[in-house]
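One structure below.
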Amino acid sequence: MVRSYFRRAYSSFTAHVFDIPPRFMAFLFFLLLLTVPAMQLGSYVLRLLIMANIFAIFAVSWDLLVGRTGQISLGHALFFGIGGYTSGLLFQFFALPIWVTIPAAVAIGALAGFLIGFPCLRVKGPYLALITMAFPLILSNLVKWSPLEPIFGGELGFRSLPPFFPFLPFTQAIMAEYYLILLLLFVSSIVIYKIANSKTGIVFVSILDDEVASKACGINVTRYKIFAFTISSFFASLAGCLQAHILKLANPPMFSLDISFLPVILTFLGGIGTIYGPIVGSYIYVILDRYIMSILLPKAFESVGWTLPREFDFAKLLIFTLIVLVLIIKWPRGLARFATDELQNLEEARDLDERGPRIWKRYKKTKH
Amino acid sequence: MNEDLEFGRDTRKLNTEVKGGSAMQVLEVENITKSFGGLKAVDNVSFHIDEGELVGIIGPNGAGKTTLFNLLSCFLSPDSGTIKFKGENIIGMAPHKVVNLGIARTFQVVRPFRHLPVIANVMVALKSPRGAKKIEWLKTMERKAADLLEDVGLSELMLEPAENVGHGDLKRLEIAKALATEPDVLLLDEPFGGLNPLEVDFLTKSILRMHLDEPRRSIIIVEHKLYALMKLVKEVKVLHRGKKIAEGTPEEIANNKKVVEVYMGGPIKHA
C-alpha cells in the first residue's frame, strides 16, 4: 500500500518535474533554498533571502496581472501598502494576533484590487498605467496627513508590530521566519502558476493579445480583468503584510514609487509573463542591491583606502534602470526565459542524438 | 459525404433539400442607419434571414458591408432602426452577450491570439458561457477544440503558436473560433480574402459541410471573390454606398443591370 503510493509519487515526479529541465532546475533551486539556513551564512544573509522571497511573491503577482493579462499596473505599491497598513491597524487598535491580521490584510487587499478594477477597466495601456500609479500616491499622502495621525501614525507609521515567532530566540526565529516565508512563496507561486496555466489563464492571455477578438469569442472581458486584479492584489497585499511583520514596521514609504517600480524591475530581470521569472529576478536584485552594492562594494573600496560617497545610495536606482534598459534591448524575454530556452535547445540537441561541439549541434538542428 | 461535395457541382440543390421548406426568421433587420460624421456607411437597410439560410452580401469597396457586420454583432450600435434576433432586440447589447445569444462573427483582418497555441485559441471561445454549455457530455474542452480544428483542417498545427501560423490557416482558425460557440447565425467577413484558389476550394467545401452538418444554422458571408461566393450561396444581397440595391438568387444578381453597373462603374456599351 505505502510502497505503491511512493511508486506513484515517484513516477508522477518523474513525469512532471524530472523530465522537464526548467522545472527540474526550479526544483533544485528550491532544494538549495531549503538548505541555506544550514550553511551558517549569518542572520544578515537570511534576512536578505527573506526579503527576496517577499519581493518574489510581490513580483509574481504583478506578473500575472501585467505579463499574462496585459493590464499594465504601475501602482502595485497600493496593495503592498494596504496589506502592511491593515496589519498595523488591526494590531494597534484591536491587538489581534498575527494569525488573524495576515488573513484580514490579505482579504482587504483583495477587496481593494476588486474595487480598483472597476475604474481601471475604462482605460487601456499607458493610461491605465498612469491611473494605477496615482492611487498609491494618494494613499501615501493620506496616511501622512496630520489630522489622521492618531489613526495612521503619520510619517512614522506603525512601529513594533508583532513578529512571527516571539517565543523563539533571535537566530532560531529568523530561521523559522525564513522557512515560513519560503513556504508561502512556494505555495503562492504554485497557485499563481496553476491559475496562469489553467483555462482561465488562457483567457487572460487572450485579453493580453486581442481584447476585441476575445469579446467576439463571447468572453466577458470585464469580469476576467477584475478577476485578474483581485488575484494579483491578493498576493501583493500578502507580500505587504509579510514585510510589515518581518521588519515590524508599516510606514508611508510602502506606498512609494520605489515599491511600485520594484516588480517592474524584478519581472524584466527574470522575464515577463513567465511567472517563474520574477522569482529569479528578485534573487538577482536582492543579491546585487543589498549584498554586492551595499556590502561587498564598500568593503572593496575600504580595502583600497577610498570611501564610497553617500550619494551612491541614490545612484543604485539609476544602475538598475540601466541594467533593465540593457536587458530589454539585449534579452527582452528576460534572464530566466533565456536560460530555459537554452536548456530547451540543449535538450533538443540531445534528442537528435548528436555528439560534438554545440555549434555543430545547432547547425544539425537547422538542417533537420 | 465528402465525395458528394465535389467542387463545382450545383450545391444549391443540396441547400434546399436540407432546409426542407420550413422557414423561421432568425434575424430581422429593419431600417438600420449608421453614419460616421457626414458619411452614411449603412443607409436604411432592411432584410431578414431565415433559419438555415446561406446568404451572401456583396458590394464594391466602401459599400458598408463590414459596418453592417459590426452592427449585427453589436460592436457598433446603429443611429436608428432595429435589429431583432429571434424576436429579441439586440441593439446596445455588449458584444460578448450577443455571442452568447448565438451570433458569432469572424474578422476581415485575422485576429488570432498570437501568444497562444492554435488549440488554445479555440479554447478561449469554448470558455465562454455558451461555448462551455455546448460541449457534449463526457467530452473535454480539449477534445472539442481538437474536433473543431479537424473540421477546418488545422489538426496538424494544433500545438503550434498562432504567431507561427500562416495567413490562410489563420483564416480557418477564425472560423473554428466562431464555430466553437455553436452559433445560430454565423457571420463570415471575407473568409476567402487573401487565400489562393486551392485554399478557397478547401474553405468552400468546409463551409458547405458545416452548413449541412447543422442545417438550422444561418450563415451570412461578406465576400469580394464573387466566383467562389456565387457557387456557394443561395441568396445574394448587394450593398452600394450603404444602400441595399438588389437581392435575389445568384443568377438574378449576375444579370441585374444595376449591380453590373455598380461593379463595372457605368453602363456597359455593347459594341
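Computed extension gain for A:Ser4 through A:Leu346, at 0.36 nm per residue and net of the alpha carbon distance, reaches 119.7 nm.
Each listed q (0.10, 0.18, 0.19 Å⁻¹) maps to a log10 I(q)/I(0) for region A:106-236 from the Debye sum over equal C-alpha point scatterers, namely -0.52, -1.12, -1.16.
When the accessible area of region A:4-56 is split by element with a 1.4 Å probe, what percent falls to carbon and sulfur?
That share works out to 72 percent.
Measuring how big region B:140-246 is from its alpha-carbon positions, Rg and Dmax come out at 14.6, 47 Å. Across all Cα pairs in chain A, the calculated P(r) in 20 Å bins from zero up to the longest distance comes to 26, 56, 18, 1 percent per bin.
Please report the antiparallel percentage of DSSP beta bridges with both residues in the protein assembly as shown, rounded to the nearest 5. Walk me through the numbers on the way to the answer.
Details: 23 of 39 bridges.
Once the DSSP bridges in the protein assembly as shown are tallied, antiparallel ones form about 60 percent.
In units of the rule-of-thumb radius 2.2 N^0.38 Å, region B:195-260 shows an alpha carbon radius of gyration of 1.21.
Take every Cα-Cα pair in the protein assembly as shown and report what % of them are more than 32 Å apart. Kindly include the intermediate steps, with their values, before the conclusion.
Details: 121461 of 203841 pairs.
Of all Cα-Cα distances in the protein assembly as shown, 60 percent exceed 32 Å.
Calculated accessible area for the protein assembly as shown comes out at 49 Å² per residue, all protein chains present (probe 1.4 Å; ligands, DNA, RNA ignored). Once both labels are positioned 7 Å from their Cα atoms along Cα-to-Cβ, the gap between A:Val212 and B:Glu30 label points is 3.0 nm.
Of all aspartates and glutamates in the structure, the ones whose alpha carbon falls short of 12 Å from that of B:Lys258, not counting any fewer than 8 places away in one chain, are B:Glu247.
Can you quote the Å³ per residue value for the convex hull of the Cα atoms in region A:91-132, rounded to an integer? Intermediate results must be reported in sequence, preceding the final value.
Working: hull volume 3.5 nm³, N = 42.
Given the Cα convex hull of region A:91-132, per-residue volume reads 83 Å³.
The eigenvalues of the Cα gyration tensor, multiplied by 5 and square-rooted, give region B:74-120 an equivalent ellipsoid with semi-axes of 27, 13, 8 Å from largest to smallest. Which shape class, rounded, prolate or oblate, goes with region B:33-123 when its Cα gyration tensor gives a ≥ b ≥ c as root eigenvalues, a/c under 1.5 marks rounded, and past that a/b bigger than b/c marks prolate? Here region B:33-123 falls in the prolate category. Taken over chain A, lysine pairs spaced eight or more positions apart, or on distinct chains, with alpha carbons under 30 Å apart number 21.
Among B:Ala176, B:Ala41, B:Ala254, which one shows the biggest mean-square fluctuation in a GNM of chain B, springs joining Cα atoms closer than 10 Å? Among B:Ala176, B:Ala41, B:Ala254, the largest mean-square fluctuation in the Gaussian network model of chain B belongs to B:Ala254. Remark: spin-label model distance B:Leu138-B:Glu160 equals 3.4 nm, labels positioned 7 Å along the Cα→Cβ axis. Using every pair of separate Cα atoms, the Kirkwood estimate puts the hydrodynamic radius of region A:1-127 at 18.5 angstrom.
If contacts are Cα pairs under 8 angstrom and at least 6 residues apart, what is the relative contact order of chain A in percent? Present the calculation step by step, with values, prior to reporting the outcome.
Values: 492 pairs, mean separation 103.9, N = 368.
For chain A, the relative contact order is 28 percent.
Once you compute Rg and the Kirkwood Rh from C-alpha atoms, what is the Rg to Rh ratio for region B:81-172? Intermediate results must be reported in sequence, preceding the final value.
On the way: Rg = 15.0 Å, Rh = 14.6 Å.
Reported Rg/Rh (Cα atoms, Kirkwood Rh): 1.02.
For region A:229-357, rounded, prolate or oblate, judged on the Cα gyration tensor with a ≥ b ≥ c (square roots of eigenvalues), a/c < 1.5 rounded, else prolate if a/b > b/c? It would help to have the intermediate numbers written out before the result.
Details: a/c = 2.44, a/b = 1.33, b/c = 1.84.
Oblate, since a/c reaches 1.5 and b/c is not below a/b.
Accessible-area loss of 20 Å² or more (1.4 Å probe, protein heavy atoms, chain alone versus all protein chains) is found in region B:96-111 for B:His96, B:Val99, B:Phe107, B:Arg111. Working from Cα pairs under 8 Å separated by at least six residues, relative contact order for chain B is 26 percent. For region A:54-63, the Karplus equation 6.51 cos²θ - 1.76 cosθ + 1.60, evaluated at θ = phi - 60°, returns couplings of 5, 4, 5, 4, 4, 6, 5, 5, 5, 5 Hz by residue, with Gly and Pro reported as x.
Using DSSP loop states and a limit of at most 15 other Cβ atoms within 10 Å to flag chymotrypsin sites (Phe, Trp or Tyr not before Pro), what is the longest stretch of chain A containing no flagged site? Mind dumping the intermediate values first?
Values: sites that count: A:Trp145, A:Phe167, A:Trp306.
Of all site-free stretches, the longest is A:1-144.
Please enumerate, by chain and number, the aspartates and glutamates with C-alpha under 19 Å from the C-alpha of B:Lys86, excluding those fewer than 8 residues away in the same chain. The qualifying aspartates and glutamates are B:Glu28, B:Glu30, B:Asp50, B:Glu51, B:Glu53, B:Glu182, B:Asp184, B:Glu214.
Legend: P(r) of chain B from all alpha carbon pair distances, 10 Å bins from 0, whole percents, reading 7, 29, 36, 22, 5, 1, 0. Note on chain B: GNM, Cα springs under 10 Å; of B:Glu174, B:Glu251, B:Glu136, the largest mean-square fluctuation is that of B:Glu136.
Computed from the C-beta positions of B:Lys84 and A:Leu111 and an R0 of 51 Å, the FRET efficiency is 0.80 to the nearest 0.05. Placing dummy labels 7 Å off each Cα toward the beta-carbon, the span from B:Asp147 to A:Leu156 is 6.9 nm. Taking A:Ser61, A:Ser140, A:Ser160 in turn, the Gaussian network model of chain A (Cα-Cα springs below 10 Å) assigns the largest fluctuation to A:Ser160. Near the amide H of B:Ala41, within less than 5 Å, lie the amide hydrogens of B:Lys34, B:Ser35, B:Phe36, all on another chain or at least 5 residues away, with H placed in the peptide plane.
Return the inverse of the average 1/r over all pairs of distinct C-alpha atoms in region A:216-275, which is the Kirkwood hydrodynamic radius, in Å to one decimal. Walk me through the numbers on the way to the answer.
Working: mean 1/r = 0.0723 Å⁻¹.
Across region A:216-275, the inverse of the average 1/r is 13.8 Å.
In whole angstrom, how far apart do the alpha carbon centroids of region B:193-243 and region A:235-262 sit? So the separation of the two Cα centres works out to 58 Å.
Would you mind counting up the charge near B:Val185? Only other residues with Cβ under 14 Å from its Cβ, with Lys and Arg at +1 and Asp and Glu at -1.
-3
Before anything else, pin down the relative contact order of region A:1-114: Cα pairs under 8 Å, at least 6 apart, normalised by residue count, whole percent.
Working: 39 pairs, mean separation 15.7, N = 114.
Worked out over region A:1-114, it gives 14 percent.
Legend: residues in region B:126-140 shielded by at least 50 square angstrom of accessible surface upon adding the remaining protein chains to the isolated chain (1.4 Å probe, heavy atoms) are B:Lys127.
Region A:182-301 gives an Rg/Rh value of 1.06, both radii derived from C-alpha positions and Rh following Kirkwood. If R0 is taken as 60 Å, the Cβ-Cβ distance between B:Leu212 and A:Thr171 corresponds to a FRET efficiency of 0.20. Within the straight-line cut-off of under 19 Å between alpha carbons, the lysines reachable from B:Lys34 are B:Lys65, B:Lys84, B:Lys237, B:Lys243, B:Lys244, sequence neighbours fewer than 8 places apart in one chain being disregarded.
Taking a probe of 1.4 Å and counting only protein heavy atoms, give the total accessible area buried between chains B and A in Å², rounded to the nearest 100. Spell out each step's value before the answer.
Values: alone 13160 and 19680 Å², together 31060 Å².
Buried: approximately 1800 Å² between A and B.
Using only the C-alpha atoms of region A:181-220, find the volume of their convex hull and express it per residue in Å³. So the per-residue Cα hull volume is 61 Å³. Using a/c under 1.5 as the rounded threshold, could you call region B:40-81 rounded, prolate or oblate? The axes a ≥ b ≥ c are square roots of the C-alpha gyration tensor eigenvalues, and prolate needs a/b larger than b/c, oblate otherwise. Oblate shape, in that a/c is at least 1.5 and b/c is the bigger or equal ratio.
The values are calculated or read from the model by the stated rules, or taken from the named source; none is laboratory data. Being a predicted model, the structure only gives us computed values, none of them experimental. Every residue, glycine as well, gets a Cβ built from its backbone with ideal geometry; the counts of neighbours run over all protein chains shown. All accessible areas refer to the heavy atoms of the entire protein, side chains included, with ligands and DNA or RNA removed. Shrake-Rupley method; radii C 1.70, N 1.55, O 1.52, S 1.80 Å.
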